1. If Pro214 satisfies every condition in (1) in a loop (DSSP other than H, G, I, E, B); (2) of a type outside the set (A, V, I, L, M); (3) within 11 Å of ligand 2 (Cβ to nearest atom) but one, which is the exception?
2. Of the residues Leu348, Leu380, which is crowded, with 20+ Cβ neighbours inside 10 Å and either in contact with a Pro (Cβ under 8 Å, 6 or more places away or on another chain) or of a type outside the set (D, E, K, R) (or both)?
3. If you take the residues in segment 228-264 that are buried (at least 20 other Cβ atoms within 10 Å of the Cβ), closer than 17 Å to Pro215 by Cα and of a type in the set (D, E, K, R), which one is nearest to ligand 2 (Cβ to nearest atom)?
4. Given the conditions (1) free of Cβ contacts under 8 Å to residues at least 24 places away in the same chain; (2) within 11 Å of ligand 2 (Cβ to nearest atom), which single one is not true for Gln200?
5. Would you be able to say whether some residue in segment 283-291 is surrounded by fewer than 16 Cβ atoms within 10 Å (Cβ to Cβ) and more than 25 Å from the chain's Cα centre (by Cα)?
6. So, of the residues in segment 255-271 that are aliphatic (A, V, I, L, M) and part of a loop (DSSP other than H, G, I, E, B), which turns out to be farthest from ligand 1 (Cβ to nearest atom)?
7. Here is a list of conditions, (1) small (Gly, Ala, Ser); (2) within 16 Å of ligand 2 (Cβ to nearest atom); (3) in a helix (DSSP H, G or I), and Ala274 meets all of them except one; can you say which number that is?
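The values are calculated or read from the model by the stated rules, or taken from the named source; none is laboratory data. Just so it is clear, the structure is predicted and the values come from calculations on it, not from any experiment. Virtual Cβ from ideal backbone geometry, glycine too; neighbours counted across all protein chains shown.
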Amino acid sequence: MDDPRAPDSDPHATLLPCPQCDLVLSVVDPAPGEWVRCPRCLHPLARHAVQDQTSPALAVTALILLAVSLSFPYIRFEKNGIGEQMGLLDAATELAAFHHPALAVVVFATIVVMPVCFLLALLWVHASLSRVGRPGGAALPGTAALVRALPRWQPWMMADVFAIAALVSLIKIAGMAEVTLKPGFWAFTGFALALLITVQRLHPLALWARLAGPPVAPPDARPGRTALAQGLVGCEQCGHLQPLAGPHRCQRCGARLHRRNPASLQRTWALLIAATLCCFPAHLYPIMITTSLGHTQPATIISGVLQFVQHGDWPIALIIFTASVLVPFGKIMALAWLSLAARGDRPLDMTAQMRLYRITEWVGRWSMIDVFVVAIVVALVRLGNLLSIAPGPGGGAFAAVVVLTMLAAFSFDPRLIWDRQSADPGPATQRNDDEPDTLPRHS
Ligand SMILES: [Zn+2]
Ligand SMILES: [Zn+2]
């Protein structure tokens, strides 16, 4: 792999700002299968651009599999000759029926609505790209807005988390009654897999290169220093370097330009405080209430974990404990620590800081496992006084913790911690993240 910090003598090199540490790098298109990583913060910047038809094919496959999984039953549950089966949509509608409409909306949006919007948008973008490739062809309307939206929607699609939650639910209820997997289950698992691969293949920088041509950096831009220190701003969407003074929107892709996310630390703190407050009801109130032969037993997140331990299901107990207890608390602590680090001026182990940030950003959505488990068992176990499970008030509060910590991670701008550590003596080390976005150009 070429050293992305090498001087820009290569005519094929492109100057790109690292979106996580703001260092300007001279990047050459890497070999197939390879990534170019930022040498300072190790963020994966670019990979080999291919004209691929696989992504649209995968998107169509995923949509067909989702349609199949919505049309057939998902899981069947039988006890003492009485049976009940659930469809995928029941996971949301039953929550609404139990007066948890907000939770029902979160479940429906993350497993159906967001993935469908994402896949349709991706197909629209690829149709647009094939028109752009032809002589005289123009992009379809709305293409730029959709390419900007795709990476933002990505973390909110949770079909893979739901598929894992279904497995956990099966283990949870397998001891209570006989459980049969229906065609909808297999179709949804296939859909989750196809969606996962489609998302992995998404590379916004390559999409922008095909839509708008390669980015052209200002002639005075140099690699090896931060964009801010050179009086430039890098577009977070398309990687285009441009002068700070000027329009608020990127000249190449039309995205809003921020030298640093506006009020990043204030918003992160506000969301973290809200998430911490929601942790109390999430862990103190039951997330599900089981009725068995007229006997009612509420279960909190922790008591649910202990139940798995009592039954000897250690791996599941560990998964639920990690996803529902360790991850949310760890994430709040980690983001608070990073926000303090961005304000302080003590020297830090930057590699460790960035690893912490990336783990918190990646891992957050997996905390939804427990919410989905509740949605599935509530939809499935509906045998009245014989055996039924109802959602408890803790579930909604826990979903709020997950959403708020995810929003906090997205609000946090990792470039702020690099600004504090930057060896660059430019204005990057001096500025406050609350300053307006269009300051006079530093030179
Ligand atoms: Zn970097
Ligand atoms: Zn842009």
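1. Checking Pro214 against (1) in a loop (DSSP other than H, G, I, E, B); (2) of a type outside the set (A, V, I, L, M); (3) within 11 Å of ligand 2 (Cβ to nearest atom), the one that fails is (3).
2. On the way: Leu348 fails: crowded, with 20+ Cβ neighbours inside 10 Å.
Within the list Leu348, Leu380, the selection yields Leu380.
3. Checking each candidate, the answer is Arg252.
4. Gln200 satisfies all of (1) free of Cβ contacts under 8 Å to residues at least 24 places away in the same chain; (2) within 11 Å of ligand 2 (Cβ to nearest atom) except (2).
5. We begin by selecting, within segment 283-291, every residue surrounded by fewer than 16 Cβ atoms within 10 Å (Cβ to Cβ); these are 284.
Subset that is more than 25 Å from the chain's Cα centre (by Cα): 284.
Yes, that holds for at least one residue.
6. Here the residue is Ala263.
7. Checking Ala274 against (1) small (Gly, Ala, Ser); (2) within 16 Å of ligand 2 (Cβ to nearest atom); (3) in a helix (DSSP H, G or I), the one that fails is (2).
Residue-wise test of (1) more than 26 Å from Val28 (Cα to Cα); (2) within 16 Å of ligand 1 (Cβ to nearest atom); (3) in contact (Cβ under 8 Å) with a residue 40 or more places away in the chain.
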residue: Ala212; (1), (2), (3): no, no, yes
residue: His240; (1), (2), (3): no, no, no
residue: Cys250; (1), (2), (3): no, no, no
residue: Cys253; (1), (2), (3): no, no, yes
residue: Ala275; (1), (2), (3): yes, no, yes
